[in-house]
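J.: Below: one structure in structure tokens.
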């Protein structure tokens with residue numbers, strides 16, 4: 001997670017070790033990934049997650065598709081927790097502490113993904129961040145992005161967290177589908193599938209060869 005001046009991403013990283021958060025990642029987030037990617041030809045190779053936090057999504061993607069992961073985040077604590085998590089699963093990975101707006105990597109990847117990152121950035125930073133997703137996708141590779149969308153579930157959940165003073169995510173503007181699609185259309189990406197589970201939008205797109 002990145003670039004929200006009032007967000008408490010350190011607390012968020014710590015919370016991912018809780019039973020509730022582990023269950024959330026497995027039964028909700030991972031289920032959404034499986035639904036979005038079902039039947040798509042995801043190649044074995046390299047994986048980049050931008051704004052990874054502790055990397056639980058990448059861990060499961062790496063296991064399922066036999067991918068070699070690289071995690072990028074601004075939080076040193078989140079990356080340290082990720083390192084421990086991946087070591088326990090005996091999966092080697094590369095950790096990079098960088099900001100999505102100033103991303104400097106020396107290669108492209110077969111799969112690039114993020115979950116819950118773009119909504120924390122205002123325009124034009126959001127367009128820059130998305131471009132920095134797309135430019136690290138290898139020709140023929142995949143870009144997978146998830147963002148919240150302002151449906152009734154999102155609005156109720158946010159209302160409750162703000163009212164009970166549990167909102168730790170700083171600036172967050174959920175995206176409408178038409179605005180999310182526009183980000184992909186501005187890059188050399190072909191949308192292969194769109195998924196809209198409650199509260200979220202997911203898009204899987206492929207870079208032209």
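J.: Run through the DSSP bridge list for the chain and note the antiparallel percent, rounded to the nearest 5.
T.: Once the DSSP bridges in the chain are tallied, antiparallel ones form about 40 percent.
J.: Pick from 159, 30, 146: which residue has the top mean-square fluctuation in a GNM of the chain where Cα pairs under 10 Å get a spring?
T.: Looking only at 159, 30, 146, the biggest GNM fluctuation is shown by 159.
J.: Still on this structure, I have one more. By counting other Cβ atoms within 10 Å of each Cβ, how are 145, 107 ranked from fewest to most?
T.: Listed from fewest to most nearby Cβ atoms, that is 107, 145.
J.: Taking the alpha-carbon centroid of each part, what is the distance from the stretch 160-191 to the stretch 71-145 in angstrom?
T.: 16
J.: Now for a different question. Before anything else, pin down the relative contact order of the stretch 9-207: Cα pairs under 8 Å, at least 6 apart, normalised by residue count, whole percent.
T.: Once normalised by length, the contact order is 20 percent.
J.: Name the residue, out of 80, 62, 13, whose mean-square fluctuation peaks in a Gaussian network model built on the chain with Cα pairs under 10 Å.
T.: 80
Each reported figure results from applying straightforward, stated rules to the coordinates on display, with no laboratory input. Remember, it's a predicted structure, so these values are computed and weren't measured experimentally. For neighbour counting, all protein chains shown are included, and Cβ atoms are generated from backbone atoms with ideal geometry for every residue, glycine included.
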